[in-house]
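The values are calculated or read from the model by the stated rules, or taken from the named source; none is laboratory data. Not measured: the values here are computed from a predicted model. Here Cβ is always computed from backbone atoms with ideal geometry, including for glycine, and neighbour counts include all displayed protein chains.
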Amino acid sequence: MSTGSIGPGTVLAGRYRLDDLLAESEGARFWRATDTILARSVAIHAVLSDDPRAAGLMDAARISATVTDPHLLRVLDCDDEDGITWVVNEWGEGISLDLMLQQGTLPPSRAAWLAREVAEAIAAGHAQGVAHGRLNPEAVLVTHAGAVKLIGYVVDASLEPPRPPDPLYGELDEREADVINLAGILYAALTGRWPGVTRSAVPKAPREARRPLRPRQVRAGVPRTLDAICERVLHKEGSRHAMPIETAHEIAAALADYVGDPALTAPPDAAGMHAEPTVSLHRGTPGTATPDLSPDLGGETQVVGEPVTEDPTPAAVHEPEPESEPDSGPPVADPDATQSFRPSVDDDAPAPARARADHGSPLPPFPDLPERPLFAPTERRVPAAARAGQPTGSWSSGDTGAGGLTGTGTRDPVLDTPPGGRLPGFWPFEGEPEENEVHTGKEGRGWLRMAIAIGVLLVVVVAMAIAFNRGRDAGGTPSGATNTPSSSPTAQGAVLKPTAVTDFDPMGDPPEENPETAKNAIDGDPATTWQTSTYRGNPALGGLKPGVGLMVDLGSDQPAKSVTVTFKGAPTSFEVYAASAGVTQSPGSLDQLDKVASRANAPERVTVQLSPAPRTRYLLVWLTRLPAVSGGFRGEIADISVRS
């Protein structure tokens, strides 16, 4: 190897073979390499020895190696030889946070768990006087096993130029920057926007007077506790009713209070980060909960992060809950993928059922009841006590109606009778039974005829109700019904007539998808449609891009409250985005839009309410998962209707 030369196939120190160039920034290169001695993948940062950053890179490697924490991708080796300065780190197999956010924001409990794991790692380094220096979503990795790892601890920052003063926070040391970026990790996981002071490919958080908006102002549904944690870090002077948070340890402690037991919140793998964790409460000892991380299991579930209240009822009085088949678990990421976008695979196939452990002592079996046939072939169904004339227990001599019976013994009001062999208000036969009475076996058929008559009557009533509802849905009035005025159109909002519609495919190459048929989605003719391309592999557009859709132009800012979409084929998963008020040019990327609604596995016709209801000119219907068609997966929209 000539001095200073480096490329695929180059072997450093006779051991590390460079395989794939992953990134390059101003002469600093990041490689995936193979440790030929241990036969494993490693990560290598490399610069030329005469680069001004070479000495800092070596110092950063030595400093990083002093921090021992399971969340860090450790430094394994470093050297400067043959004109190359290089540092070897562990290789992480998984998906980084910035790529996760391309698929959507995380559930609050997952976001809190992730930020807590990162905060504990940063706090461990700060306790030893070492800061990450370049913490952002790209530096946070969730492995295929569901563990959190930090990429480039200290090393990445050594290759970056000095950070200029921040317009909001001013001069920051590395520790202070880490704390702000920690809150930014939580903020980004909840909203999909980045408010930190380190550069990131994640879209920037919207700001007001240079201050990032609170997470709850960016995305609806963010828990107040997590919103307050972000605010206490990112806007200290605005936290009037709470002390500001100024250390990584304080962030970890605040998130620990929200998360509770991290084992209940941790995902089973990287692909499970977008699934809300649940805890199955099995009936056993009061106040105990047994975790079951399988999504959507039948029975009673408790969302992690909410308090588990004790059940005051003793376990012995509960009937055991039936087991249910769990749905298929979250898709498993490709084990060969490394920090790259991997869409979820089709998860229609059921997962094998898990056996649940028994909790508490089993209930005693129910006693066997004597056989009581409804119709006897040769004799009447006469209670044994009535035939013997020897009652058990005692009976009051009060009211002889159905409710005037008060038993003080162990008498069954159906199987036994009061003295005299007759239960007032119950005996269904005429006269008293005689010992030698002859019967034909047909005496019970009157009850059967009555049951049949009642069944026929119920069928007639149900048929009339169905006919009435169909007539109402068809706009007619059933005979005998009183005509009433129909509700005014304003009860459901006025229809907003779009003036134009265009295809929206910013990540396509070229960035368009059947633009010539986009107008079919607003022409009012259900026979004409706009179609996406046909994608192969899986319904998430084959993993080629996160979505594609149609941009509806209302002509001017309008108060939109709901959107109705008519598809051809189902199910289709989609989201609705809105441009801010005052925007007069059609947005060119998702960064310029705010999500206002979403629906997974929608039927062919569906209405979604927009929240918060925007005043906007442009609405985007963004398809994220497509129905199956011959040869792959394709979305098809016949009509889009907007109401105010």
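Here are the numbers for the structure shown:
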quantity: Residue, surrounded by the fewest Cβ atoms within 10 Å (Cβ to Cβ), within region 81-107, restricted to residues that are under 17 Å from Arg17 (Cβ atoms) and out of contact with any strand residue (DSSP E or B) (no Cβ under 7 Å at 6 or more places or on another chain); calculated: Glu81
quantity: Condition check for Ala252: in contact with a Lys or Arg (Cβ under 7 Å, 6 or more places away or on another chain), at pLDDT 90 or above and not assigned by TED's automatic domain parsing to the domain that holds Leu57; calculated: yes
quantity: Number of positions in region 93-111 that are out of contact with any Asp or Glu (no Cβ under 7 Å at 6 or more places or on another chain), outside any strand (DSSP E or B) and over 25 Å from Ala13 (Cα atoms); calculated: 12
quantity: Where Ser573 falls short, out of the listed (1) under 14 Å from Met551 (Cα atoms); (2) not in a loop (DSSP other than H, G, I, E, B); calculated: (1)
quantity: Qualifying positions in region 582-616 - over 16 Å from Val552 (Cβ atoms) and part of a loop (DSSP other than H, G, I, E, B); calculated: Gly582, Ser589, Pro603, Glu604, Ser611, Pro612
quantity: Residue in region 580-592 that is among the hydrophobic types (A, V, I, L, M, F, W, C), touching a Phe, Trp or Tyr at 6+ places or on another chain (Cβ under 7 Å) and within 29 Å of Leu190 (Cα to Cα) present; calculated: yes
quantity: Pro8, sole failed condition from (1) crowded, with 17+ Cβ neighbours inside 10 Å; (2) in contact (Cβ under 8 Å) with a residue 12 or more places away in the chain; calculated: (1)
quantity: Selection count where residues are touching a helix residue (DSSP H, G or I) at 6+ places or on another chain (Cβ under 9 Å) and either part of a loop (DSSP other than H, G, I, E, B) or free of Cβ contacts under 8 Å to residues at least 24 places away in the same chain (or both), scope region 67-92; calculated: 7
quantity: Matching entry among Val548, Val501, Val565 (being within 21 Å of Pro612 (Cα to Cα) and of a type in the set (A, V, I, L, M, F, W, C)); calculated: Val565
quantity: Identity of the residue in region 23-62, outside any strand (DSSP E or B) and basic (Lys, Arg), that ends up surrounded by the fewest Cβ atoms within 10 Å (Cβ to Cβ); calculated: Arg62
quantity: Residue list for region 164-196, restricted to those being within 16 Å of Ile245 (Cβ to Cβ) and in contact with a Phe, Trp or Tyr (Cβ under 7 Å, 6 or more places away or on another chain); calculated: Ile180, Gly184, Pro195
quantity: Residue pairs meeting the criteria (Cβ under 9 Å; at least 6 apart or on separate chains; first more than 19 Å from Glu160 (Cβ to Cβ), in region 33-54; second in a strand (DSSP E or B) and of a type in the set (Lys, Arg)); calculated: Ala33/Arg17; Thr34/Arg17; Thr34/Arg40; Asp35/Arg17; Thr36/Arg17; Ser41/Arg32; Val42/Arg32
